[in-house]
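The values are calculated or read from the model by the stated rules, or taken from the named source; none is laboratory data. Owing to the predicted nature of the structure, the values given are computational and were not obtained by experimental measurement. So basically every Cβ, Gly included, is an ideal-geometry build from the backbone, and we count neighbours across all protein chains shown. Quick note on the areas: whole protein, heavy atoms, side chains included, nothing else; ligands and nucleic acids left out. Shrake-Rupley method; radii C 1.70, N 1.55, O 1.52, S 1.80 Å.
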Amino acid sequence: MASSAMASDGLPRITVLGSLNMDLVSYVSHHPEPGETMTSNGFAVSPGGKGANQAIACAKLSRTRAPAAAGGQAPLSTTAATAHVSMVGAVGDDAHGTALRSNLAAHGVDVSGVQVVQAGGVPSGVAVIVVDEPTGQNRIIFSPGANYQIDDKAGTQSLVPAGTQLLILQLEIPLEQVLRALREARAAGIPVLLNPAPAPATEEARSQLEAAFAVTVGHLGKGQGLSHLVLNETETAALVPALTVADLDTEAGLARAAAYFLALGVENVVMTLGGRGVYYASAASASGAGQLLPPEKVARVVDTTGAGDTFAGQYALEAVYATAAGKAFDCAAAVRKSNRAAAKTVQRKGAQDSIPWRDEVE
Ligand code: ATP
(Lines give C-alpha, C1' and ligand atoms only; values in the text may rest on other atoms or scores of the structure.)
Protein backbone atom coordinates (compact mmCIF):
# COMPACT_ATOMS: atom_id res chain seq x y z
CA MET A 1 0.00 0.00 0.00
CA ALA A 2 1.20 3.47 -0.80
CA SER A 3 2.55 5.75 1.89
CA SER A 4 4.42 9.03 1.77
CA ALA A 5 7.26 8.04 4.14
CA MET A 6 10.51 9.73 3.13
CA ALA A 7 13.60 7.80 1.96
CA SER A 8 16.22 7.30 4.68
CA ASP A 9 18.67 9.65 2.92
CA GLY A 10 16.09 12.43 2.86
CA LEU A 11 15.85 12.58 -0.94
CA PRO A 12 12.33 12.77 -2.37
CA ARG A 13 10.99 9.82 -4.35
CA ILE A 14 9.21 9.99 -7.70
CA THR A 15 7.47 6.93 -9.09
CA VAL A 16 6.61 6.59 -12.76
CA LEU A 17 3.91 4.01 -13.51
CA GLY A 18 3.84 3.52 -17.25
CA SER A 19 5.17 2.05 -20.45
CA LEU A 20 8.53 0.72 -21.55
CA ASN A 21 9.01 0.21 -25.29
CA MET A 22 11.84 -0.50 -27.66
CA ASP A 23 11.73 2.06 -30.48
CA LEU A 24 12.62 0.62 -33.90
CA VAL A 25 13.19 3.63 -36.12
CA SER A 26 13.62 3.64 -39.91
CA TYR A 27 14.59 6.87 -41.69
CA VAL A 28 13.15 7.05 -45.21
CA SER A 29 13.01 9.46 -48.15
CA HIS A 30 9.19 9.07 -48.35
CA HIS A 31 6.54 7.07 -46.51
CA PRO A 32 5.98 3.76 -48.37
CA GLU A 33 2.89 3.39 -50.57
CA PRO A 34 0.58 0.39 -50.05
CA GLY A 35 2.41 -2.70 -51.35
CA GLU A 36 5.73 -0.86 -51.70
CA THR A 37 8.95 -2.35 -50.34
CA MET A 38 11.63 0.23 -49.85
CA THR A 39 15.16 0.52 -48.51
CA SER A 40 15.66 2.84 -45.58
CA ASN A 41 18.37 5.49 -45.35
CA GLY A 42 19.13 4.42 -41.80
CA PHE A 43 17.84 2.42 -38.85
CA ALA A 44 18.15 2.77 -35.10
CA VAL A 45 17.01 0.78 -32.07
CA SER A 46 16.63 2.80 -28.89
CA PRO A 47 14.86 2.52 -25.53
CA GLY A 48 11.61 4.48 -25.33
CA GLY A 49 8.04 4.44 -24.08
CA LYS A 50 6.45 7.49 -22.46
CA GLY A 51 6.84 6.03 -18.96
CA ALA A 52 10.50 5.07 -19.35
CA ASN A 53 11.32 8.35 -21.11
CA GLN A 54 9.85 10.35 -18.23
CA ALA A 55 11.69 8.19 -15.67
CA ILE A 56 14.95 8.80 -17.56
CA ALA A 57 14.12 12.52 -17.75
CA CYS A 58 13.68 12.68 -13.95
CA ALA A 59 16.87 10.66 -13.41
CA LYS A 60 19.05 12.74 -15.78
CA LEU A 61 17.64 16.10 -14.71
CA SER A 62 18.26 15.23 -11.05
CA ARG A 63 21.93 14.42 -11.69
CA THR A 64 25.02 16.38 -12.54
CA ARG A 65 26.87 14.18 -14.91
CA ALA A 66 30.25 13.11 -13.52
CA PRO A 67 33.21 13.79 -15.85
CA ALA A 68 34.07 10.08 -16.01
CA ALA A 69 30.51 9.17 -16.90
CA ALA A 70 30.54 11.72 -19.70
CA GLY A 71 33.13 9.56 -21.44
CA GLY A 72 31.05 6.48 -20.80
CA GLN A 73 33.58 5.17 -18.29
CA ALA A 74 31.56 5.08 -15.07
CA PRO A 75 28.02 3.82 -14.41
CA LEU A 76 25.73 6.84 -14.64
CA SER A 77 23.98 5.67 -11.48
CA THR A 78 27.06 6.50 -9.41
CA THR A 79 26.67 10.25 -9.91
CA ALA A 80 25.01 12.18 -7.09
CA ALA A 81 21.27 12.66 -7.47
CA THR A 82 18.75 15.03 -5.90
CA ALA A 83 15.82 12.59 -6.10
CA HIS A 84 15.06 8.88 -6.23
CA VAL A 85 13.20 7.66 -9.29
CA SER A 86 11.33 4.34 -9.42
CA MET A 87 9.80 2.78 -12.51
CA VAL A 88 6.77 0.50 -12.31
CA GLY A 89 5.66 -1.36 -15.43
CA ALA A 90 6.22 -4.58 -17.35
CA VAL A 91 8.47 -5.96 -20.07
CA GLY A 92 8.57 -9.32 -21.83
CA ASP A 93 11.03 -12.09 -21.03
CA ASP A 94 13.10 -11.18 -24.10
CA ALA A 95 16.20 -9.26 -25.22
CA HIS A 96 14.29 -5.96 -25.49
CA GLY A 97 13.01 -6.37 -21.94
CA THR A 98 16.51 -7.00 -20.60
CA ALA A 99 17.88 -3.96 -22.46
CA LEU A 100 15.03 -1.71 -21.30
CA ARG A 101 15.51 -2.63 -17.65
CA SER A 102 19.27 -2.32 -17.71
CA ASN A 103 19.16 1.04 -19.48
CA LEU A 104 16.92 2.45 -16.72
CA ALA A 105 19.12 0.93 -14.01
CA ALA A 106 22.23 2.42 -15.64
CA HIS A 107 20.61 5.84 -15.23
CA GLY A 108 20.01 5.18 -11.53
CA VAL A 109 16.30 4.34 -11.83
CA ASP A 110 15.02 1.73 -9.38
CA VAL A 111 13.63 -1.08 -11.59
CA SER A 112 12.47 -3.42 -8.83
CA GLY A 113 8.89 -2.55 -9.83
CA VAL A 114 9.42 -3.47 -13.50
CA GLN A 115 7.87 -6.91 -13.90
CA VAL A 116 9.12 -9.48 -16.41
CA VAL A 117 6.03 -11.15 -17.89
CA GLN A 118 6.72 -14.88 -18.18
CA ALA A 119 3.40 -16.11 -19.52
CA GLY A 120 2.75 -17.11 -23.11
CA GLY A 121 5.68 -15.47 -24.88
CA VAL A 122 4.30 -11.94 -24.41
CA PRO A 123 6.86 -9.62 -26.05
CA SER A 124 8.13 -6.33 -24.66
CA GLY A 125 6.36 -3.24 -25.97
CA VAL A 126 7.62 -2.03 -29.32
CA ALA A 127 7.11 1.17 -31.30
CA VAL A 128 7.83 0.86 -35.02
CA ILE A 129 8.61 4.40 -36.15
CA VAL A 130 9.06 5.53 -39.75
CA VAL A 131 10.56 9.00 -40.10
CA ASP A 132 10.12 10.80 -43.44
CA GLU A 133 13.44 12.63 -43.59
CA PRO A 134 12.47 15.51 -45.92
CA THR A 135 9.61 16.62 -43.64
CA GLY A 136 10.68 15.11 -40.30
CA GLN A 137 7.16 13.67 -39.99
CA ASN A 138 6.87 10.32 -38.29
CA ARG A 139 4.35 7.48 -38.40
CA ILE A 140 4.26 5.24 -35.36
CA ILE A 141 2.80 1.80 -34.68
CA PHE A 142 2.72 1.05 -30.96
CA SER A 143 2.48 -2.65 -30.00
CA PRO A 144 1.84 -2.64 -26.24
CA GLY A 145 2.82 -6.29 -25.55
CA ALA A 146 3.86 -6.58 -21.89
CA ASN A 147 2.72 -3.01 -21.13
CA TYR A 148 -0.84 -4.34 -21.13
CA GLN A 149 0.08 -7.28 -18.87
CA ILE A 150 1.18 -5.49 -15.69
CA ASP A 151 0.12 -7.81 -12.88
CA ASP A 152 -1.70 -6.11 -10.01
CA LYS A 153 -3.47 -9.31 -8.88
CA ALA A 154 -6.73 -8.16 -10.48
CA GLY A 155 -6.55 -4.80 -8.79
CA THR A 156 -5.87 -6.14 -5.28
CA GLN A 157 -2.18 -5.27 -5.26
CA SER A 158 -0.89 -1.71 -5.22
CA LEU A 159 1.26 -0.45 -8.11
CA VAL A 160 2.34 2.60 -6.07
CA PRO A 161 5.46 1.74 -4.03
CA ALA A 162 5.71 2.82 -0.39
CA GLY A 163 7.60 6.10 0.01
CA THR A 164 6.35 7.62 -3.26
CA GLN A 165 6.04 11.42 -2.93
CA LEU A 166 4.94 12.12 -6.49
CA LEU A 167 3.31 9.68 -8.90
CA ILE A 168 3.64 10.24 -12.67
CA LEU A 169 1.13 8.58 -14.98
CA GLN A 170 0.56 8.48 -18.75
CA LEU A 171 -1.86 6.44 -20.86
CA GLU A 172 0.26 3.77 -22.56
CA ILE A 173 -0.85 1.13 -20.02
CA PRO A 174 -4.44 -0.08 -19.34
CA LEU A 175 -6.69 2.79 -18.30
CA GLU A 176 -8.14 0.84 -15.34
CA GLN A 177 -4.67 0.60 -13.82
CA VAL A 178 -4.01 4.30 -14.39
CA LEU A 179 -7.30 5.23 -12.73
CA ARG A 180 -6.77 2.86 -9.82
CA ALA A 181 -3.30 4.23 -9.14
CA LEU A 182 -4.57 7.79 -9.44
CA ARG A 183 -7.37 7.24 -6.92
CA GLU A 184 -5.13 5.29 -4.57
CA ALA A 185 -2.44 7.97 -4.58
CA ARG A 186 -5.00 10.72 -4.03
CA ALA A 187 -6.53 8.84 -1.12
CA ALA A 188 -3.04 8.52 0.43
CA GLY A 189 -2.36 12.24 -0.10
CA ILE A 190 0.33 11.62 -2.73
CA PRO A 191 0.37 14.29 -5.49
CA VAL A 192 -0.16 12.96 -9.01
CA LEU A 193 1.14 14.32 -12.33
CA LEU A 194 -0.89 13.01 -15.25
CA ASN A 195 0.36 13.31 -18.82
CA PRO A 196 -2.67 11.97 -20.74
CA ALA A 197 -0.70 10.68 -23.73
CA PRO A 198 -1.68 9.24 -26.09
CA ALA A 199 -4.97 11.13 -26.00
CA PRO A 200 -7.97 8.97 -25.03
CA ALA A 201 -9.48 7.56 -28.21
CA THR A 202 -13.05 6.95 -27.02
CA GLU A 203 -15.66 9.06 -25.26
CA GLU A 204 -15.90 6.40 -22.55
CA ALA A 205 -12.17 6.66 -21.81
CA ARG A 206 -12.38 10.45 -21.84
CA SER A 207 -15.22 10.60 -19.36
CA GLN A 208 -13.66 7.99 -17.04
CA LEU A 209 -10.47 10.01 -16.95
CA GLU A 210 -12.33 13.24 -16.39
CA ALA A 211 -14.22 11.75 -13.46
CA ALA A 212 -10.92 10.85 -11.83
CA PHE A 213 -9.72 14.49 -11.95
CA ALA A 214 -12.39 15.70 -9.59
CA VAL A 215 -12.04 16.53 -5.93
CA THR A 216 -14.18 14.15 -3.88
CA VAL A 217 -16.05 16.58 -1.73
CA GLY A 218 -16.25 15.55 1.90
CA HIS A 219 -13.42 13.04 1.75
CA LEU A 220 -10.61 14.94 0.11
CA GLY A 221 -10.18 18.67 0.37
CA LYS A 222 -8.63 21.33 -1.83
CA GLY A 223 -5.22 20.31 -3.01
CA GLN A 224 -6.23 16.67 -3.13
CA GLY A 225 -7.62 16.59 -6.64
CA LEU A 226 -5.34 15.85 -9.56
CA SER A 227 -2.30 17.98 -8.72
CA HIS A 228 -0.72 18.40 -12.13
CA LEU A 229 -2.15 17.91 -15.59
CA VAL A 230 0.60 18.29 -18.22
CA LEU A 231 -0.64 17.86 -21.78
CA ASN A 232 -0.06 18.97 -25.35
CA GLU A 233 -2.52 20.56 -27.79
CA THR A 234 -3.81 17.28 -29.26
CA GLU A 235 -4.46 15.86 -25.81
CA THR A 236 -6.15 19.09 -24.70
CA ALA A 237 -8.49 19.04 -27.69
CA ALA A 238 -9.30 15.38 -27.05
CA LEU A 239 -10.22 16.01 -23.41
CA VAL A 240 -12.14 19.30 -23.56
CA PRO A 241 -15.61 18.88 -25.09
CA ALA A 242 -16.28 20.91 -28.25
CA LEU A 243 -12.72 22.22 -28.45
CA THR A 244 -10.46 21.79 -31.48
CA VAL A 245 -6.69 22.12 -31.79
CA ALA A 246 -7.32 25.26 -33.90
CA ASP A 247 -9.19 26.84 -30.95
CA LEU A 248 -5.91 26.70 -29.02
CA ASP A 249 -4.33 29.18 -31.45
CA THR A 250 -5.86 31.99 -29.41
CA GLU A 251 -5.34 32.92 -25.76
CA ALA A 252 -9.11 32.83 -25.35
CA GLY A 253 -9.16 29.18 -26.44
CA LEU A 254 -6.27 28.32 -24.10
CA ALA A 255 -7.98 30.09 -21.21
CA ARG A 256 -11.20 28.21 -21.92
CA ALA A 257 -9.41 24.86 -21.85
CA ALA A 258 -7.55 25.71 -18.63
CA ALA A 259 -10.75 26.90 -16.96
CA TYR A 260 -12.44 23.65 -17.90
CA PHE A 261 -9.78 21.55 -16.13
CA LEU A 262 -9.57 23.86 -13.09
CA ALA A 263 -13.34 23.60 -12.68
CA LEU A 264 -12.98 19.80 -12.54
CA GLY A 265 -10.65 20.10 -9.55
CA VAL A 266 -7.25 19.99 -11.26
CA GLU A 267 -4.79 22.11 -9.26
CA ASN A 268 -2.27 23.00 -11.97
CA VAL A 269 -2.94 22.85 -15.71
CA VAL A 270 0.09 23.03 -17.99
CA MET A 271 -0.42 22.93 -21.76
CA THR A 272 2.73 22.51 -23.81
CA LEU A 273 2.40 24.18 -27.20
CA GLY A 274 5.53 22.98 -29.03
CA GLY A 275 7.31 25.92 -30.67
CA ARG A 276 4.78 28.34 -29.13
CA GLY A 277 5.89 27.60 -25.57
CA VAL A 278 3.56 26.81 -22.66
CA TYR A 279 0.24 27.99 -21.25
CA TYR A 280 -0.35 27.34 -17.56
CA ALA A 281 -2.94 28.13 -14.91
CA SER A 282 -3.17 27.26 -11.22
CA ALA A 283 -6.10 27.06 -8.84
CA ALA A 284 -3.79 28.63 -6.24
CA SER A 285 -3.11 31.79 -8.24
CA ALA A 286 -4.85 34.83 -6.81
CA SER A 287 -6.25 36.04 -10.14
CA GLY A 288 -6.96 32.56 -11.49
CA ALA A 289 -5.74 33.84 -14.86
CA GLY A 290 -3.55 31.69 -17.08
CA GLN A 291 -0.19 32.76 -18.49
CA LEU A 292 1.40 32.16 -21.86
CA LEU A 293 5.17 31.63 -21.63
CA PRO A 294 7.05 31.89 -24.94
CA PRO A 295 9.58 29.15 -25.81
CA GLU A 296 13.26 29.62 -25.12
CA LYS A 297 15.05 30.89 -28.20
CA VAL A 298 17.13 28.12 -29.74
CA ALA A 299 19.75 28.34 -32.50
CA ARG A 300 18.31 25.41 -34.46
CA VAL A 301 15.51 22.90 -33.86
CA VAL A 302 17.03 19.52 -34.71
CA ASP A 303 14.47 16.99 -33.39
CA THR A 304 11.56 17.67 -31.02
CA THR A 305 11.22 14.00 -29.96
CA GLY A 306 11.31 13.77 -26.17
CA ALA A 307 10.67 17.49 -25.58
CA GLY A 308 7.34 16.79 -23.86
CA ASP A 309 8.89 14.05 -21.69
CA THR A 310 11.78 16.33 -20.72
CA PHE A 311 9.30 19.05 -19.80
CA ALA A 312 7.30 16.61 -17.65
CA GLY A 313 10.43 15.28 -15.95
CA GLN A 314 11.77 18.70 -14.96
CA TYR A 315 8.34 19.85 -13.82
CA ALA A 316 7.92 16.68 -11.72
CA LEU A 317 11.26 17.31 -10.01
CA GLU A 318 10.27 20.89 -9.14
CA ALA A 319 6.97 19.60 -7.73
CA VAL A 320 8.56 16.87 -5.59
CA TYR A 321 11.29 19.19 -4.30
CA ALA A 322 8.55 21.53 -3.05
CA THR A 323 6.62 18.67 -1.44
CA ALA A 324 9.74 17.32 0.27
CA ALA A 325 10.69 20.78 1.54
CA GLY A 326 7.14 21.40 2.79
CA LYS A 327 6.96 24.51 0.57
CA ALA A 328 4.12 25.78 -1.56
CA PHE A 329 4.54 24.72 -5.19
CA ASP A 330 5.52 27.62 -7.48
CA CYS A 331 3.94 26.58 -10.77
CA ALA A 332 5.30 29.57 -12.71
CA ALA A 333 8.90 28.88 -11.65
CA ALA A 334 8.51 25.15 -12.43
CA VAL A 335 7.14 25.93 -15.89
CA ARG A 336 9.98 28.36 -16.64
CA LYS A 337 12.62 25.80 -15.71
CA SER A 338 10.88 22.98 -17.59
CA ASN A 339 10.61 25.21 -20.67
CA ARG A 340 14.38 25.71 -20.43
CA ALA A 341 15.06 21.99 -20.09
CA ALA A 342 12.79 21.06 -23.02
CA ALA A 343 14.50 23.66 -25.23
CA LYS A 344 17.78 21.77 -24.76
CA THR A 345 16.14 18.58 -25.98
CA VAL A 346 14.88 20.03 -29.26
CA GLN A 347 18.44 20.95 -30.24
CA ARG A 348 19.57 17.31 -30.24
CA LYS A 349 18.59 14.12 -32.05
CA GLY A 350 16.89 11.17 -30.33
CA ALA A 351 14.56 10.73 -27.37
CA GLN A 352 16.30 9.69 -24.14
CA ASP A 353 19.76 10.67 -25.43
CA SER A 354 18.61 14.22 -26.08
CA ILE A 355 17.38 14.80 -22.51
CA PRO A 356 19.81 17.15 -20.72
CA TRP A 357 21.52 16.63 -17.35
CA ARG A 358 20.84 18.81 -14.33
CA ASP A 359 23.94 20.98 -14.78
CA GLU A 360 22.97 21.73 -18.38
CA VAL A 361 19.72 23.36 -17.24
CA GLU A 362 20.91 25.19 -14.12
P1 ATP B 1 6.81 14.93 -27.73
O2 ATP B 1 5.62 13.99 -27.76
O3 ATP B 1 7.55 15.03 -29.02
O4 ATP B 1 7.72 14.68 -26.58
P5 ATP B 1 4.88 16.97 -26.94
O6 ATP B 1 3.88 17.14 -28.05
O7 ATP B 1 4.47 16.24 -25.73
O8 ATP B 1 6.23 16.41 -27.53
P9 ATP B 1 5.48 19.78 -27.23
O10 ATP B 1 4.33 20.59 -26.84
O11 ATP B 1 5.76 19.61 -28.69
O12 ATP B 1 5.41 18.39 -26.47
O13 ATP B 1 6.82 20.41 -26.61
C14 ATP B 1 7.08 20.39 -25.22
C15 ATP B 1 7.88 21.60 -24.82
O16 ATP B 1 9.15 21.57 -25.49
C17 ATP B 1 7.28 22.94 -25.21
O18 ATP B 1 6.28 23.36 -24.32
C19 ATP B 1 8.55 23.82 -25.13
O20 ATP B 1 8.86 24.06 -23.77
C21 ATP B 1 9.61 22.89 -25.72
N22 ATP B 1 9.71 23.10 -27.18
C23 ATP B 1 9.09 22.42 -28.16
N24 ATP B 1 9.39 22.91 -29.38
C25 ATP B 1 10.25 23.95 -29.15
C26 ATP B 1 10.95 24.88 -30.00
N27 ATP B 1 10.81 24.86 -31.32
N28 ATP B 1 11.74 25.80 -29.40
C29 ATP B 1 11.90 25.84 -28.06
N30 ATP B 1 11.27 25.00 -27.22
C31 ATP B 1 10.46 24.06 -27.74
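Some notes on this structure:
- If you wrap the chain in the convex hull of its Cα atoms and look at it from every side, the mean projected area works out to 19.2 nm².
- With all protein chains modelled, accessible area of Arg101 [1.4 Å, Å²]: 70 Å²
- Computed on protein heavy atoms with a 1.4 Å probe, the accessible areas place Val131, Val298 in the order Val298, Val131, largest first.
- List Lys337, Lys327, ordered by accessible area with a 1.4 Å probe, largest first: Lys327, Lys337
- Most mobile of Ala252, Ala307, Ala341 in a GNM of the chain (Cα contacts under 10 Å): Ala252
- Surrounding net charge for Thr305, when Lys and Arg each add one and Asp and Glu each subtract one, Cβ distance under 12 Å: -1
- R0 of 56 Å, Cβ-Cβ distance Ile141-Ser285: FRET efficiency to nearest 0.05: 0.85
- Accessible surface of the chain, 1.4 Å probe: 54 percent of it comes from carbon and sulfur atoms.
- Ligands, DNA and RNA aside, Met87 has an accessible area near 0 Å² when probed at 1.4 Å.
- Around Val114: net Lys/Arg minus Asp/Glu count, Cβ-Cβ under 13 Å: -2
- Sorted from longest to shortest, the spans of the Cα atoms of region 273-332 along the three principal axes equal 39, 27, 15 Å.
- Computed over every Cα-Cα pair of region 136-201 and binned at 10 Å starting from 0, the pair-distance distribution P(r) comes out as 18, 48, 26, 8, 1 percent.
- For region 142-184, accessible area per residue (1.4 Å probe, heavy atoms of protein chains only), Å²: 38 Å²
- Percent of Cα pairs exceeding the 24 Å cut-off, where the set is region 139-245: 26 percent
- Net charge, Ala201 excluded, C-beta distance under 13 Å - Lys, Arg +1, Asp, Glu -1: -3
- Accessible-area value, Val240, 1.4 Å probe, nucleic acids and ligands omitted, Å²: 10 Å²
- Ellipticity estimate at 222 nm from DSSP helix runs (n ≥ 4, -39,500 (n - 2.57)) divided over the chain, nearest 500: -9000 deg cm²/dmol
- Long-range Cα-Cα pairs in region 226-362 (distance over 27 Å), rounded percent: 18 percent
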